[in-house]
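Data first, discussion second: the structure below is written as structure tokens.
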Amino acid sequence: MLTSLGFILLGGAALAGLCRRIQLPTIIGLMLAGLLLGPQGYNCLDSTMLTISPDLRQMALLIILVKAGLAINLRDIWNLGRPLLMMSTVPVLLELVVLTYLGLTIFNLHGLEAVLLATAVCAVSPAVVVFRMIHLIEEKYGIAKKIPQLIMVASSLEDIVVVVVFSLVLTLVEAHVEAPEGLGALEAFGQVPVALVGGIILGLVSGFIVAYIAKYMSHSAPTISKAKILKLSRLLLHKDVQNIVNDKEKAKVKAKETRTVKEFLVTPQQATLLLTVIVAVSFVLVAISNWLKPLVSVSGLLAIMIMASVVKGQVSYELGQMLNRMVNQLWIPIEIILFVLVGAAIDTTYMLSMSGMLIAVIALGLVGRTMGVVISLWKTPLNRKERAYCAISYAPKATVQAAIGGIPLALGLSSGPLVLAASAMAIVITSPIGAICMDYFYKRWLTYDGQER
């Protein structure tokens, strides 16, 4: 299995680097590496690696949720206001409705399995979008109207909506609850608010517990007194630094005068240990939600995201930023493993046989998403070209599809191969096309605001 893991990391990194050089999304290279290494290619992966592949993909999903929870910035949500809230909900819900209807009519799926198909396909990919929005901010395109910030934050929030819906529907499917006509459907979807409330409560409780652990770790860590800081400042900086610090100290209340600066001196060891605790608690939350299934429906995935968000809000700003950087570094090898294993799990024969129908379904779903973007940006200062750019920026799909697309197959659902094939087809089609369009049109459709900063 170690040899297989080496093949996955090396092969994925090599093909991802090649795609980066030709300005294609690295996800395409990772999935291609999976196809070459998997049973459809040279069959270089050990059977044990393929057996635990669903567990590894689920672990990647948990890391995605932790990453999303730590990335939520309530100040950005407040500043962007109504357009952000609508962009994070309306487009994905319209696409979800369209894809669910097509799953019911074209593929003859049951109600819940049609929703699983829709949620596995409809989410936008921050892995493709966020990098390019950061590039727009650096190049100063569209920043006056906060277009990159809007797309970047809304895409992250949208993924949360999709994962929450997926986790709720998956809870019903795992409980063997189908949605036939009549009372059964009402009873099934009546569990949704229960699962939502249960996930929120579980996430809040666990979040405050982890935050308390973080504060205990901070208090028990070695500290540096103010006297030592002042002594160092005299040696390393100008003598006036001591006077500046003393002036600031006089302005503080008496209760804060005796505090040390340990809250502001966060060590990498502290952040690493806290991130380890957060990830471990995420695994425990999933286990708790599974234990509670016979009694009550609880969304463990929603609890994970809320827990991470609560922890970030309770710790210091420096520690929160360090956690963000570390989880981004942790995501690099996990992303390689995730997409390579998704590529290895794809049945290319089945996907190609269904390619025409899948492409049509994905295209119709994107039409619904585009309508949602138009509705969300109604009565905003954005002109037609800027709204069109927001629409094409909302097309690429990758990360969520890779994380949840294989779960129905791992559960043994009859629709599992179809859901995985649709997820893979959505990645292959929308990811490169969306990335190319974003790179081509941003200078043509967005305003350069460099002189305003």
Next on the checklist: Just the residues that are without any contact (Cβ under 8 Å) to a residue 40 or more places away in the chain and among the aliphatic types (A, V, I, L, M), please, taken from region 412-435.
Outcome noted: I433
Checklist entry - Are any residues in region 39-61 under 27 Å from the mean Cα position of the chain (by Cα) and among the aliphatic types (A, V, I, L, M), and if so, which ones? => result M49, L50, I52, L56, M59, A60, L61
Checklist entry - When you go through L18, L37, L9 one by one, which is the residue that is buried (at least 18 other Cβ atoms within 10 Å of the Cβ), in contact with a helix residue (DSSP H, G or I) (Cβ under 9 Å, 6 or more places away or on another chain) and farther than 30 Å from P381 by Cβ? => result L37
Checklist outcome for this item: Restricting region 417-449 to residues that are touching a strand residue (DSSP E or B) at 6+ places or on another chain (Cβ under 8 Å) and among the hydroxyl-bearing types (S, T, Y), the one surrounded by the fewest Cβ atoms within 10 Å (Cβ to Cβ) turns out to be Y448
Item to check | region 188-220: number of residues that are surrounded by fewer than 15 Cβ atoms within 10 Å (Cβ to Cβ), over 22 Å from L301 (Cα atoms) and at pLDDT below 80 | outcome: 2
Checklist entry - Within region 81-125, how many residues are of a type in the set (V, I, T), surrounded by 19 or more Cβ atoms within 10 Å (Cβ to Cβ) and part of a helix (DSSP H, G or I)? => result 7
Item to check | Members of region 10-26 found to be hydrophobic (A, V, I, L, M, F, W, C) and either in a helix (DSSP H, G or I) or at pLDDT 95 or above (or both), listed by number | outcome: L10, A13, A14, L15, A16, L18, C19
Checklist entry - Right, L338: within 26 Å of T171 (Cβ to Cβ) and in a helix (DSSP H, G or I) or not? => result yes
Next on the checklist: So the check is Cβ under 6 Å with 6+ separation or different chains; which pairs have a first residue in region 377-406 that's without any contact (Cβ under 8 Å) to a residue 40 or more places away in the chain and a second one that's of a type in the set (S, T, Y)?
Outcome noted: A391/T370
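For every residue, the table says whether it meets (1) in the same structural domain as C122 (by TED's automatic domain parsing); (2) surrounded by 24 or more Cβ atoms within 10 Å (Cβ to Cβ); (3) touching a helix residue (DSSP H, G or I) at 6+ places or on another chain (Cβ under 7 Å); (4) within 30 Å of T51 (Cβ to Cβ).
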| residue | (1), (2), (3), (4) |
| --- | --- |
| S353 | yes, no, no, yes |
| G365 | yes, yes, yes, no |
| V374 | yes, no, yes, no |
| W378 | yes, no, no, no |
| P381 | yes, no, no, no |
| R384 | yes, no, no, no |
| A388 | yes, no, yes, no |
| P396 | yes, yes, yes, no |
| Q401 | yes, yes, yes, yes |
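The values are calculated or read from the model by the stated rules, or taken from the named source; none is laboratory data. Model, not experiment: these values are computed from the prediction. FYI the Cβ positions are ideal-geometry reconstructions off the backbone, even for glycines, and counts take in every protein chain you see.
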